[in-house]
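See structure below.
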Amino acid sequence: MAAERQGRTEYVLGEDDRLTDLARETARRKGIRLVEKKGAEETAPPVPKAPVRTSAPAASAAPAASVAILPKASCDLLIKNGILVLPEAGRLRANVCVKEGKIVSLTSQTPSAGQEIDAGGLYVLPGIIDPHTHLGLFAPLEEELVSETRSAILGGVTTIGTFFNQKGSYLPLTDFLREKVPALSRVDMFPHFTLREEEQLAELPRYCALGMNSFKVYMCGIPGLFPHQEDGFILRTMERLKALDANPVLCVHAENVSIVEYAEKELETCSMETLAQFGQSHPEISEGEAVIRTAYLSEKTGVRTYIVHSSTRESMEALRRMKHGRLYVETTSPYLSLDTSADVGAYGKMLPPFRSPKSRQALWDGIRSGIIDTIGTDNTTISAMEKKVHEGMEAAIAGYPALGTHLASVLDEGFFRQEIPLEKLVPLMTENPAKIFGIYPQKGTLLPGADGDIVLVDMNQSRTAEPERLQSRSDFSIFQGKSLRGWPCATIKGGRIAAWDGRLTDDMAGGRVLAHCMK
């Protein structure tokens, strides 16, 4: 620490200082006293002043859009005194002006506004983008468009990428989404279509013409839900996609199906009670090998390829050698936060499984080195009864809700424990997925012209994850009972204050299906 190098026995915290766990422990061991700028008591970083709004709505109040705009206001919403985390530039101090749902300026001035938030001591981030969600698997899609997007808003997530999987044409689904998302969803969506048969490959030009330009294949499927595709089909898919002008992206679930099937057969008579035992059914090497195959096919065809939910040290080792400019890598907030040592039991059963502590650390090292481009959730909403938690690890179904805890779990582990700067973490949840999936600069930034999707984060706020507060349809969380730091204290969607202090304040639908392509 700087104080130790200078021979000081105390360190005065500035307004922008945020202490990681390691820094706190180092100060304690070295006998260095941490004090606020005003100075009297040993303390954590100063708790920021609570934001203040004109006409601050209660949870049951009318939508923020109904609040009268001052006659001479130059913007609808002003966020002042905050610390902006601008993905393109890092931290800066500026006021954010939003008008008619768009960010119109970043300024040192304080223009008049219909609504005003004093964000002193808070971090101001672009709305979080979760590129990897599943909705409608265990309940009607219409129901989860309501419940899970409410949970997303509470967690600071304002845009989701959602995977769909079905036989036959996706054209009717496109029409269905364009009807239902505006009517039911609280967030915007860019759909991904799973490709599994020739009819869908033949319709690729039509999907792209509609702005649907991200697709998925499973090297190793999930029995009863997602079939796996052979390498020949995957190669043919890549060649078809490469021929399209929209420059689409192919998402790949990378596991070697043969290795998995052999492992499952060998374990048929073995005990299956812990996360580590379940993990043996999907060996870590199966993901590493499939990543090598994916990287090779992607490089040879030239198609933009996106490896979903990377979870193993073997994958990071392979990608260190083979990653190229058209290959993108995602991991998830649960894989970054929990491993086989976690005390979550069958609630944590997932595919791919939670991995060893060494693999979890390898993922964080992959973030540090730039191997990992994005962080999603793989949110799969399911209740404890539907998951069959009561029947134990072997019978339980894979899946868990994660939208409401996404941002807080990443900040709690990534900033405070792994000591990764916000400037490094935030782009993986904002700018990077926006650019990869062709929705930047509409999304993923605070630059003028972007949608007014903004999250205010109190890095000092510690709160216990409680399923009922997260408002998912699910009745559990893999973080339940765990204290997380870095919760959103406000979520602004399209210039409207949609959530405040953990409560919905503007429960309006109005999400959009986003056209996405990379010309």
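Since every read-out is calculated from the coordinates, none of them should be taken as a lab result. Everything numeric here is computed off the predicted structure, so don't read it as measured data. Positions of Cβ are backbone-derived with ideal geometry, glycine not excepted, and every protein chain shown enters the neighbour counts.
Key figures for this structure:
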| read-out | value |
| --- | --- |
| Residues whose placed amide H lies under 5 Å from that of Arg355, excluding near-sequence neighbours | Thr340 |
| Amide H partners (placed H, <5 Å) of Gln115, local residues excluded | Leu77, Leu78 |
| Mean separation of Cα contacts under 8 Å (6+ apart) over length of the chain, as relative contact order % | 20 percent |
| Net charge contributed by nearby residues that have their C-beta within less than 15 Å of Pro140 (K/R +1, D/E -1) | -4 |
| Derived scalar couplings ³J(HN,Hα) [the stretch 92-99; Karplus, 6.51 cos²θ - 1.76 cosθ + 1.60; whole Hz; x for Gly, Pro] | 7, 9, 6, 8, 10, 10, 10, 9 |
| Free-standing Cys, the chain [no other Cys Cβ under 4.7 Å] | Cys208, Cys220, Cys251, Cys270, Cys489, Cys517 |
| Whole-Hz couplings from phi, Karplus 6.51/-1.76/1.60, listed for the stretch 490-507; x for Gly and Pro | 7, 10, 10, 10, x, x, 9, 6, 8, 9, 9, 6, x, 10, 6, 10, 9, 8 |
| Note, ³J(HN,Hα) from phi for the stretch 154-168, Karplus 6.51, -1.76, 1.60, rounded to Hz, x at Gly and Pro | 4, x, x, 8, 10, 9, 10, x, 10, 8, 10, 9, 7, 7, x |
| Radius 10 Å from Cβ of Cys220, net charge of other residues (Lys, Arg +1; Asp, Glu -1) | -3 |
| Partners for Lys80 among aspartates and glutamates (Cα-Cα distance below 13 Å; same-chain residues under 8 apart left out) | Glu116, Asp118 |
| Antiparallel bridge percentage (DSSP; both residues within the chain; nearest 5) | 45 percent |
| Relative contact order of the stretch 305-381, defined on C-alpha pairs under 8 angstrom at six or more residues apart (%) | 43 percent |
| Interchain or long-range residues, amide H under 5 Å from Ile222's placed H | none |
